[in-house]
Amino acid sequence: MSGSEQYLVTLNNEGLNGPRRREARFAHGPVKFNADDPRTRSQLVVLSESEVEQLTANSDWTIRKAEASEIPEGLGRGSLRGRLRQRRAPKETSVNAGSSEN
Amino acid sequence: MAGQHNPAESKFRMAYELTPTLFPNAGATFHDHLLRSESFSNESEPRQDNSIYAGSQRPRALLGKFVTDGEMEVSVRPEEFSRYFAHAQGKVTTTTPAGGTNSRKHVMAPSSSSTVPSTFAFIADRDDLNPQRFHGGQISNLEFALSADDGILSATIAALFARGDYFSETVVTTDPDVTQKPVIRGLPKYADWNLAAAADSRVHVKVSDITDIGTGVIMVLAKVGAAAYGAIESEVRIGNDSLTGLPYFSKLYDSTTGAILGTLDVPIEINFPSATDLDVDDAWYSNVSYATWSPTYVDTPVFNEIYAGVFIDGQPYCIDEMTLGLSRPVVPRYCIGGRFPAEIRNRGQREVELEFTREYLSVDLRRRLERGEAFKFVLEAFSEVEIESGFPYYLKLVCPLCVPGGRTASVEGQDEMPETITATCHPNADDSEGYVDDLNIEEQNSLTSLVV
């Protein structure tokens, strides 16, 4: 996959054609959005080029490239850097190994 | 690169068609949904010539018409299948309930106010890098099923389509004022159907002459693959046939050899929705495979019978399991020539039937059955979550006039005495709540419109 960059993806609060609660199955993993919840209305997501095209063409969504200052280190959903950091975390720091990915 | 063909990676989506059988192109809104199983296909039935053929063996079979249909079984979530339900009913009335902001109540019934598009498109991506597009769909059967054991409200949605194929949306090669894209349909020649080398299989089209555009006709050059265009033109009629409401699709011919693109039985054809901004040298191509996509699903729980109830004549009623089916009289219209039908059309009366079973608990239904006493049936199913405070997602099925039929309860064993009631459902202009149609589907959800 080419062109994988972090985007700020927002499910618009008004003028939606589709559901207000959605789970997007992006190539880098699923992300939930709720148009009525400020915490999950906008999410940092790694998108492929085709996903950028797909979301840009859909008026329910607003997307833009994330500014460097907006990307918490290792915390962006689908962030490659974040995933690497999670995988490298020492096992003893994991409270519950069965659910550490979550 | 080969697809993995893992059924668990499959994706499915639908969109209404603005013009029947014209597959939605750029800018169309597709709606992803889950399903449990599906059987959508172009069914090919070879024809056999019965001539006596020395050797006592059947001669090679001939091509026959395609039957493009299938059904899917789904777990019903709020919103996810609302457009299918609205399409099956034909009309919908959408209102904002008093005090609600993002909640909408949709009453889907033949007597509702807004007309729902008469056909829909469906795409099945079966993880084979060859998503299949279905055009001109109409639901032939819609059946809801719920039982206390299984628990999840399910629906079986059966549909007939005018055709199924695989081409991608057209991609602009040259068009300085892009306002529309043509739609290409058909099946490639077997020799051209190369999924591994997309560029070699592409169908290219370039406008070569618009002298007669005022009469709705233009000339184009067409080719498959990367070689240069030749000089042989194809005549293309623009837009829709105002008499049938169907789009004009024109055959394409190779600009170098003059050979038909595709084959005579399923040619590769093109439609330009309008003449707007068509200029000489505008060019597009279509890949032999529709591009895959990242789906977005409704994030609400399925309807669970725990939060459901059945009412007969307004009173809660204990039943173990039920099915409620709507049968629509849709049939393919075939013409002489070609393998696919021209369209799916609706002729005749629809029928609604209800069946439910329960343990024999009272003589009430027995009396109704034997006296032919009609009743009103209501199923209400609620979701665990709310759209907004005080406004739950719900689905309500109402049949205001059900005429019972079938057999009365009898002993089937020392511990078995089930009561099965079948009923045909009919309109009732006198219904006190205004549910006047044979089947009324009411849903409260967050979708602002079910007609787009």
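The values are calculated or read from the model by the stated rules, or taken from the named source; none is laboratory data. These numbers come from a predicted model, not from an experiment. Every residue, glycine as well, gets a Cβ built from its backbone with ideal geometry; the counts of neighbours run over all protein chains shown.
Go through B:Thr420, B:Thr408, B:Thr424 for me and flag whichever is at pLDDT 95 or above, of a type in the set (S, T, N, Q) and out of contact with any His (no Cβ under 8 Å at 6 or more places or on another chain).
On the way: B:Thr420 fails: at pLDDT 95 or above; B:Thr408 fails: at pLDDT 95 or above.
Sole residue among the options that is at pLDDT 95 or above, of a type in the set (S, T, N, Q) and out of contact with any His (no Cβ under 8 Å at 6 or more places or on another chain): B:Thr424.
This table checks each residue for (1) in contact with a Ser or Thr (Cβ under 9 Å, 6 or more places away or on another chain); (2) within 14 Å of chain A (Cβ to nearest Cβ); (3) outside any strand (DSSP E or B).
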residue	(1), (2), (3)
B:Ala8	no, yes, yes
B:Phe12	no, yes, no
B:Ala15	yes, yes, no
B:Thr21	yes, no, yes
B:Pro24	no, yes, yes
B:Ala28	no, yes, yes
B:Leu34	yes, yes, yes
B:Asn42	yes, no, no
State which residue pairs qualify: first residue within 14 Å of another protein chain (Cβ to nearest Cβ) and of a type in the set (A, V, I, L, M, F, W, C) and inside segment B:436-452, second residue assigned to a strand (DSSP E or B) and buried (at least 22 other Cβ atoms within 10 Å of the Cβ) in any location, beta carbons under 9 Å apart, and separation of 6 or more residues or different chains.
B:Leu447/B:His106; B:Leu450/B:Val92; B:Leu450/B:His106; B:Leu450/B:Met108; B:Leu450/B:Glu443; B:Val451/B:Tyr16; B:Val451/B:Val92; B:Val452/B:Tyr16
Return a yes/no flag: does segment B:241-259 have any residue that is under 30 Å from A:Arg22 (Cβ atoms), within 23 Å of the chain's Cα centre (by Cα) and touching a residue at least 12 places away in the same chain (Cβ under 8 Å).
no
Residues of segment B:234-251 that turn out to be surrounded by fewer than 17 Cβ atoms within 10 Å (Cβ to Cβ) and touching a Phe, Trp or Tyr at 6+ places or on another chain (Cβ under 8 Å), as a count:
2
Quick one: which residue in B:Ala61, B:Ala8 is over 14 Å from the mean Cα position of the chain (by Cα) and under 30 Å from A:Phe26 (Cα atoms)?
B:Ala8
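Among what's in segment B:292-327 and is among the aromatic types (Phe, Trp, Tyr) and surrounded by fewer than 17 Cβ atoms within 10 Å (Cβ to Cβ), pick the residue that is nearest to the other protein chains (Cβ to nearest Cβ). Steps first, please.
So the first thing to find is which residues in segment B:292-327 are among the aromatic types (Phe, Trp, Tyr), and the list is B:293, B:297, B:303, B:307, B:311, B:317.
Keeping just the survivors that are surrounded by fewer than 17 Cβ atoms within 10 Å (Cβ to Cβ) gives B:307, B:311.
On the way: B:Tyr307: 17, B:Phe311: 28 Å.
Among those that are among the aromatic types (Phe, Trp, Tyr) and surrounded by fewer than 17 Cβ atoms within 10 Å (Cβ to Cβ), it is B:Tyr307.
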Need at least 1 residues that are in contact (Cβ under 8 Å) with a residue 40 or more places away in the chain, touching an Asp or Glu at 6+ places or on another chain (Cβ under 6 Å) and farther than 24 Å from B:Val74 by Cβ per element, so show me which strands (runs of 3 or more DSSP E) inside segment B:282-393 make the cut, counting only ones lying wholly within it.
B:351-359, B:375-388
Residues that are within 14 Å of chain A (Cβ to nearest Cβ) and over 30 Å from B:Glu45 (Cβ atoms), drawn from segment B:253-291
B:Ala291
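Okay, residues lined up against (1) in a strand (DSSP E or B); (2) modelled with pLDDT of 80 or more:
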residue: A:Val31; (1), (2): yes, yes
residue: A:Asp36; (1), (2): no, yes
residue: A:Val46; (1), (2): yes, yes
residue: A:Val52; (1), (2): no, yes
residue: A:Asn58; (1), (2): no, yes
residue: A:Thr62; (1), (2): yes, yes
residue: A:Arg83; (1), (2): no, no
Could you check segment A:15-35 and list, in sequence order, the residues that are of a type in the set (A, V, I, L, M) and more than 7 Å from chain B (Cβ to nearest Cβ)?
A:Val31, A:Ala35
